[in-house]
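Inspection log for the structure reproduced underneath, given as structure tokens.
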Amino acid sequence: MTALLEVSDLVRKYDVRQGAWPFGRWATLHAVDGVSFKLEAGRTLGLVGESGCGKTTTAKLVLGLVPATGGEVRIAGERLPPMGSPQWRALRRRMQMVYQDPLAALDRRVSVGRQVMEPLAIHGIGTPAERRERALSIMDGVGLAPHHFDRYPHELSGGQRQRIVLARALVLDPQLLVCDEPISALDVSIQAQVVNLLLELQQRLGLAYLFISHDLRMVRQISHEVAVMYLGRIVEQGDPDRLFSQPAHPYTRALVSAIPVAHAGRRRRMVLAGEPPNPVDRPAGCAFHPRCPFAVERCRSEMPVLRTLADGRRAACHLAEALPRSIAA
Amino acid sequence: MLRYLAGRLLRALLTIFLVITFAFFVLHASGDPALMILSADAPPEAVKAFRAAWGLDRPLWEQYAAYIFHALQGDLGNSMRDGRPALQLVLERVPMTLAITVPAFALKLAIGIPAGIYAALHRNSLADRLTMMLSVAGFTVPSFVLALVLVLVFAVKLGWLPSAGSDTAASAILPIVTLGVAGAAILARFTRSAMLEVLGQPYIRAASAKGLSWRRVVTEHALPNAAIPTTTIVGFMVGTLIAGAVVVESVFAWPGIGRLLVSSVANRDLAVVQVILLLVAATMVTANIIVDFVYGWIDPRMRSRGLVGGR
Amino acid sequence: MDEPLVSLKGLTVDFDTGKQVVRALHGIDLDVGRGEAVGLVGESGCGKSITWLAALGLLGRTARVGGEVRLGVRNLIGAPVAELEHVRGGRIAMIFQDPSSSLNPVHRIGRQLGEALRLHRDLDGASAAAEARRLLDRVGIADAGRRLNDYPHELSGGMNQRVMIAMALAGQPDLLVADEPTTALDATIQAQILDLLGEIRRDSGMAMVLISHDLGVVAENTDRVCVMYAGRIVEDAPIATIFGAPSHPYTQGLLAALPELEGPRRPLVPIAGVVPEPSNLPPGCSFAPRCGRAIADCERAPPIVARIAGGHRVACIRA
């Protein structure tokens, strides 16, 4: 069976000028550098990594909002048509995006109901009465009451606004939701509400999620599979429980160990030295080697490929088998 | 840096060239200088002779080519009215105009900036509201209305100042005030909003949290940042030093560039109008270049913009 | 118990919006001991940042502050401005959420550090420059001498937060108030900054108030936590108690809403409803409308804070 979403060897480069204009030289920034993954219907792939690792660019590439420099995106086996074409528009009905800041994604002068109905109007679906009917039923499905229909976004709370964004994305009956940090702007008690809603919608509607977040705990909660990105590449990919409890890649390990734990008792933590390098000056060999406490000579010269390990997960590290797996070490 | 400068200069020259070209065609299409200068009921032979003498009987593009050709050699033509070189005629008037626009510019800065800062620092106070009310009044009242009111009060009623002309130094006072008020009003509004924007920034709170006195937070942290957007509007005002006084000069019969422009346009004294427009464009463009450099000087982020082109 | 370093007593804040006066803080009682690390957690709008901005008189003219902030024998509320300026940065320093915009974009790092050194340590010229270099070095900035000539936009967010910490240390304060110091930073950088703060505290014996929405950050970096909700402290207890045996339903709710990174995945239990508007608080306990254990009495009057064990205070009649 073909996967709902299949991404192979996706590349996105940008030309950037280094140094102050009008000086400096042009250099190439590899925002996404050879990313491949599959996502089946009804499943969630979590994409984690720090700012600038390429996860948001990957999301835009998947939706065709940014043209790829190389590689391809296939939706249900078909190649993604170029942005703006009628075929792309038709396909976009099946893939929707949910952004981090619901207030920015919504038009504050337009009532909630009209915003939820808007995609239907754009695609010319149904009569006005049918659209209204559909919008109300979708709003009910995401936990919004009928009286919210005539309200405006600023009159609602952050969590409710994210529900509007979800309702608007769902009104076209998509198969895939690309969620870019959908809960980061929300308060803790509301985050759980939205995550539970996403899980419930997936069960009910068979949605697939590409779930981008820097919050590993939430990603584990919602994902069937997780991919960790560093400087435009996937460095480790696999089952979230195993990945987070026994990371194979030192970067995953550092990410996991950087998460403060909300219970008493401190653990030893692996604190990385330095900051992620400028993506324009990608280190030779393994891009992570300058910050990696385990790096050996080989890491400095040879770029590790993403390969499948004995336990089924994939990791891009020469030392994946040799390193201890336990976080506490 | 040199490449940058050369680029800027080239663009500036292009702007000026476009202005002259545009003005040339608009002016030539909008009326016959011969009829204006000789009067409408002049004998046809005289009109014909006048046209031949000034080359007005040749095709327009030929006139244009000749004009540009001469202009590149520094000859900007002669006034059709008194036959003297247009450039000389215009330059003679420049000091008169500057005599009112420069003091008016100083007045704008001296009133507008402090008023704006004060209003921002005392936001929503009575003083703030009053300043902003005056400011709105200042730039919504047309300058000729303001000029007439000032004349009525200070010349006619009180008799303290002359109502027009340029005989004494006191004659300059009313034109300067008229010009200054509107500019000061605009500047006050601009400075206030720039200040308010800056005062809301996290680094202002952080500077206070460091233990700096409010006075030093304002002078050392808020003002330098508020100066960045204010520079734009001040630069624009520098650009209007030459041509910003057309109405005021006309109302007060002040013999500056503005009045020369009005009478030359009325007479279709083409060469003179062209020279004035050239001068105006040159001042504007120069002011723009200065603003860019001032930006670079006060805002380090402009100096070293790192990555250009987005993600 | 020793005399606390700072003691907030009945601290209130009202904001005058011109149309109405809205109470944002409803009487905060909080002691911070010498060298102690206290966490302040709660969701946005609960008043955790306002508490310390009010204590230092940094809220601006629309805020009316009441109650007491005791620092030694002094009460900072209503104190003369000059006295407050001496305390700010000198006795109590603050660092903020967004380090890159907390530094002035048009001044060099060195100048901004020098300002604090001149204010609180009377250092100038070469001695100030030397001390600035030492401070940058102390907060783990390599090549400190050169960095002094950099502008904030030339440094990363993590580096700028180190500069902010260096600036806070310049005044050798007794208390550092860190207001969401790592929220804007990436996970691995957050870990570096929190480690640095811990290390500095161990070396200098400085007390710290760590304000955060992240229970994990607070759990790992403080001794004691105050949980705030709608302008009140609802629970105040040592770390082990808060995470082991929380008493207030809101604290319990926050913990249940938080997913774990290890162990079996369990369904999250969200807290129903939303935080009430400060201008429209319920008459009784502010949490009652969202509380699963609320009874009729909860809606009558706000619960008073009761000490249920040594060092454990709760504002809940059902606790």
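Net charge around B:Ala182, counting only other residues with Cβ within less than 14 Å of its Cβ (Lys, Arg = +1; Asp, Glu = -1)? Present the calculation step by step, with values, prior to reporting the outcome.
Values: positive: B:Lys108, B:Arg189; negative: none.
Neighbour charge sum, excluding B:Ala182 itself: +2.
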Review point. Which of the trypsin sites (Lys or Arg not before Pro) found in region A:224-302 are loop residues per DSSP with 11 or fewer other Cβ atoms within 10 Å of their Cβ?
Key: A:Arg267, A:Arg268
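When N is the residue count of the protein assembly as shown, what does its C-alpha Rg come to as a fraction of 2.2 N^0.38 Å? Present the calculation step by step, with values, prior to reporting the outcome.
Details: Rg = 34.6 Å, N = 959, 2.2 N^0.38 = 29.9 Å.
Ratio of Rg to 2.2 N^0.38 Å for the protein assembly as shown: 1.16.
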Exercise for review: Pick out, from C:Gly140, C:Leu56, C:Ala240, the residue whose Cα sits farthest towards the positive end of the charge dipole of chain C, with +1 on the Cβ of Lys and Arg and -1 on the Cβ of Asp and Glu.
Suggested key: C:Leu56
Exercise for review: With a point put 7 Å past each Cα toward its Cβ, work out how far C:Asp2 is from B:Ala42 in nm, to one decimal.
Suggested key: 10.1
**Study point:** Peptide C:266-274, shielding by other chains (average Cβ, 10 Å cutoff)
**Key:** 6
Study note, to complete from the structure: Within 10 Å of the Cβ of an average residue in A:210-221, the count of other chain Cβ atoms is 3
Study note, to complete from the structure: In region B:94-266, taking the dipole from +1 charges on Lys and Arg beta carbons and -1 charges on Asp and Glu beta carbons about the Cα centre, the listed residue (B:Met96, B:Ala147, B:Ala266) farthest towards the positive end is B:Ala147
**Study point:** Cα pair distances exceeding 19 angstrom across region C:246-319, given as percent
**Key:** 44
Practice item. Please find, in a Gaussian network model of chain C (springs between Cα atoms separated by less than 10 Å), the residue of C:Asp174, C:Asp214, C:Asp186 whose mean-square fluctuation is greatest. Key: C:Asp186
**Study point:** Angle in degrees between helix B:86-121 and the longest Cα principal axis of chain B, rounded to the nearest 10
**Key:** 20
**Study point:** Euclidean distance of C-alpha centroids, region B:15-87 and region C:46-117, integer Å
**Key:** 70
Review point. Residues of B:211-217, mean number of Cβ from any other protein chain within 10 Å of their own Cβ, rounded to a whole number?
Key: 5
Practice item. Among DSSP beta bridges lying fully in chain A, give the percent that are antiparallel, nearest 5. Key: 60
Revision key, fill the gap. Farthest towards the positive end of the dipole of chain B, among B:Gly83, B:Ala110, B:Ser163 and with Cβ unit charges of +1 on Lys and Arg and -1 on Asp and Glu, lies the Cα of B:Ala110
Practice item. Divide, for region A:104-173, the radius of gyration over alpha carbons by 2.2 N^0.38 Å, where N is the residue count. Key: 0.97
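What number, rounded to the nearest 500 deg cm²/dmol, is the helix-based mean residue ellipticity at 222 nm of chain C, given -39500 (n - 2.57) per DSSP H run of at least four residues and division by all its residues? Present the calculation step by step, with values, prior to reporting the outcome.
Working: 11 runs with 103 residues, N = 319.
Value at 222 nm, helices only, nearest 500: -9500 deg cm²/dmol.
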Point to revise | Radius of gyration and maximum dimension Dmax of region B:94-266, Cα, Å | key: 18.8, 64
Practice item. Between B:Asn124 and B:Phe22, with labels modelled 7 Å along Cα→Cβ, what's the label distance in nm to one decimal, could you check? Key: 4.4
Revision key, fill the gap. GNM on chain A, Cα springs under 10 Å; top mean-square fluctuation among A:Gly232, A:Gly34, A:Gly124 goes to A:Gly124
Check your understanding: For the residue pair C:Arg202 and C:Asp143, what label-to-label distance in nm results when each label sits 7 Å from Cα along the Cα-to-beta-carbon direction?
Key -> 2.9
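Does region C:88-193 classify as rounded, prolate or oblate by the C-alpha gyration tensor (a ≥ b ≥ c root eigenvalues; a/c under 1.5 gives rounded; else a/b over b/c gives prolate, otherwise oblate)?
Working: a/c = 1.74, a/b = 1.25, b/c = 1.39.
Here region C:88-193 falls in the oblate category.
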Review point. To the nearest 20 debye, what charge dipole does chain C have about its Cα centre, counting +1 at the Cβ of each Lys and Arg and -1 at the Cβ of each Asp and Glu?
Key: 460
Exercise for review: Note down the net charge around C:Gly310, summing +1 for each Lys or Arg and -1 for each Asp or Glu among other residues with Cβ under 13 Å from its Cβ.
Suggested key: +2
Check your understanding: Percentage of Cα-Cα pair distances in chain A greater than 30 Å, rounded to whole percent?
Key -> 40
Exercise for review: Let me see the pair-distance distribution of chain C: every alpha carbon pair, 10 Å bin width, integer percents in order.
Suggested key: 6, 25, 32, 24, 10, 3, 0
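Going by the alpha-carbon gyration tensor, a ≥ b ≥ c the square roots of its eigenvalues, is chain B rounded (a/c under 1.5) or, if a/c is not under 1.5, prolate (a/b greater than b/c) versus oblate?
On the way: a/c = 3.29, a/b = 1.56, b/c = 2.11.
Cα axes put chain B in the oblate bin.
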Check your understanding: For chain B, what is the calculated [θ] at 222 nm in deg cm²/dmol (nearest 500), taking -39500 (n - 2.57) for each run of four or more DSSP H residues and dividing by its residue count?
Key -> -23000 deg cm²/dmol
Point to revise | Qualifying GluC sites (Glu not before Pro) in region C:33-84, DSSP loop, other Cβ atoms within 10 Å at most 13 | key: none
Practice item. Enter the angle in degrees (range 0 to 90, nearest 10) between the Cα long axis of helix C:187-204 and the first principal axis of the Cα atoms of chain C, meaning the one along which they spread out most. Key: 80
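Taking the Cα centre of region C:246-319 as the origin, how large is its charge dipole in debye, to the nearest 20, when only Lys and Arg (+1) and Asp and Glu (-1) carry charge on their Cβ atoms?
My answer is approximately 180 debye.
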**Study point:** 5 angstrom amide H check on C:Met94, placed H, neighbours 5+ away
**Key:** C:Gly89, C:Val177
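R0 = 51 Å: FRET efficiency of A:Ala310 with B:Leu10, Cβ-based, nearest 0.05?
Numbers: r = 65 Å, r/R0 = 1.28.
Efficiency, rounded to the nearest 0.05: 0.20.
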Revision key, fill the gap. For chain B, the longest principal axis of the Cα atoms and the Cα long axis of helix B:257-267 enclose an angle in degrees, to the nearest 10, of 40
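Based on DSSP H runs of at least 4 residues, each adding -39500 (n - 2.57), what is the mean residue ellipticity at 222 nm of chain A after dividing by all its residues, to the nearest 500 deg cm²/dmol?
The helix contribution divided over chain A gives -9000 deg cm²/dmol.
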Check your understanding: Among C:Asp16, C:Asp98, C:Asp223, which one moves the most in a GNM of chain C with springs linking Cα atoms closer than 10 Å?
Key -> C:Asp16
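Where the only charges are on Cβ atoms (+1 Lys, Arg; -1 Asp, Glu), what is the dipole of region A:208-262 about its Cα centre, to the nearest 20 debye? Spell out each step's value before the answer.
Details: 5 positive and 5 negative charges, 24 e Å.
Computed about the Cα centre, the dipole is about 120 debye.
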**Study point:** region B:167-311: projected area of the alpha-carbon convex hull, averaged over directions, in nm²
**Key:** 13.4
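Coordinate-derived values only; no laboratory data. The structure presented is a predicted model; accordingly, all values stated were derived computationally and were not measured. So basically every Cβ, Gly included, is an ideal-geometry build from the backbone, and we count neighbours across all protein chains shown.
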